[in-house]
Structures are given as C-alpha cells and as structure tokens.
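Take a look at the structure set out below.
The values are calculated or read from the model by the stated rules, or taken from the named source; none is laboratory data. Source: prediction; values computed, not measured. As a convention, Cβ positions derive from the backbone with ideal geometry for all residues, glycine included, and neighbour counts pool all protein chains shown. When the accessible area is computed, the model is the full protein with side chains, heavy atoms only, and any ligands, DNA or RNA have been set aside. Shrake-Rupley method; radii C 1.70, N 1.55, O 1.52, S 1.80 Å.
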Amino acid sequence: MNEKLKSAGENYQNGYNCAQAVFCTFAEELGLDDETAFRIMEGFGGGFGGKQEVCGAFSAAAAVISYYISSGSPEGNTRAKTYRAIRKAAEIYEKEYGSIRCREILHGNDPKAFQCGMKVKDAVLVVQKVLA
C-alpha cells in the first residue's frame, strides 16, 4: 500500500481531523514538524471549523498542491498554474463525491469515521494525481 495512504489513514484513526490527517502526511516534505502542521490545519476539519463547508481533506490537499506549485513570491507568476491545478483536483474530487463541500458529500449528515476516513485517503490520491 502507498505509504502516504497508510499514514493518512493512521493519522485519522489516531484522532487527527480530516484536514490534519492529510496535511500531516506531507508535513516532513513541506519542511514542517508534525505539531506545526497539526496546529495549522486544526481549524479546517469538518469543513472549516465543523461548519461542513469545503471538505477538510480536500482543503489540505489544496494546501499541499499549492505548496508544490507556487513559486513562493508574487514575482513568480505561478498563480494561474496553481489555480489550474486546484481546479483539476476539485474536478477529480467532485467526480468521485459530487462536490468538494462536506455537507453535500455527506448528504447533510454529520461526519462519520468511515466516510471521512475514505475522503482522507482519496485526498492523498488527488494530491498524487495532480502532482504526477
């Protein structure tokens, strides 16, 4: 099994929220320690603070993709390329789940471990597909 998928799944099973489970899987590569990554993403879980807006797992995937594509400065002119990559990621996620909004993905229900655990793994796959 892909180590990142395994890591994200274990993170989620160990109490990380959906956004943390995905983002922390990439933390070391992003130059972050796990605690910092965990703290950054805490508010994104449950669709932005539990409001069930943009899926937390997808938000984390977007953050990782953005990190890898952005030049890190306004002069780098990577915004259009980054936006295209995020739209591609959204298309992949929407094809699988019909939306990138937590509420719509879960059909108005509260997040459940199994359902969200699958979204976490699929968000990692989305990152890998878009960056491939």
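Taking only the stretch 74-93 into account, find how many residues are free of Cβ contacts under 8 Å to residues at least 40 places away in the same chain and open to solvent by 80 Å² or more (accessible area, probe 1.4 Å). Final tally of qualifying residues: 9. Would you check if Gly117 is surrounded by fewer than 22 Cβ atoms within 10 Å (Cβ to Cβ), under 13 Å from the mean Cα position of the chain (by Cα) and at pLDDT below 95? Yes; evaluated as a whole, the condition is true for this residue.
Selection of first residues in the stretch 29-54 that are in contact (Cβ under 8 Å) with a residue 12 or more places away in the chain and over 19 Å from Ser66 (Cα atoms) and of second residues that are open to solvent by 60 Å² or more (accessible area, probe 1.4 Å) and assigned to a loop (DSSP other than H, G, I, E, B), restricted to Cβ pairs under 6 Å at least 6 apart or on distinct chains, gives the following pairs, ordered by first then second residue: Gly46/Pro111.
Checked against the criterion of being of a type in the set (Gly, Ala, Ser), farther than 13 Å from Val124 by Cα and open to solvent by 60 Å² or more (accessible area, probe 1.4 Å), the stretch 23-41 has at least one qualifying residue. For the stretch 1-19, a residue qualifies if it is over 12 Å from Phe38 (Cα atoms), among the hydrophobic types (A, V, I, L, M, F, W, C) and at pLDDT 95 or above, and exactly one does: Ala8. The residue that is nearest to Gly56 (Cα to Cα), counting only those in the stretch 98-112 that are part of a helix (DSSP H, G or I) and in contact (Cβ under 8 Å) with a residue 40 or more places away in the chain, is Cys102. Criterion applied to Phe58, Phe48 was being in a loop (DSSP other than H, G, I, E, B) and among the aromatic types (Phe, Trp, Tyr), and the one residue passing it is Phe48.
Scan the stretch 12-21 for residues that are open to solvent by 20 Å² or more (accessible area, probe 1.4 Å), under 18 Å from Ser59 (Cβ atoms) and among the polar types (S, T, N, Q) and the total you get is 1.
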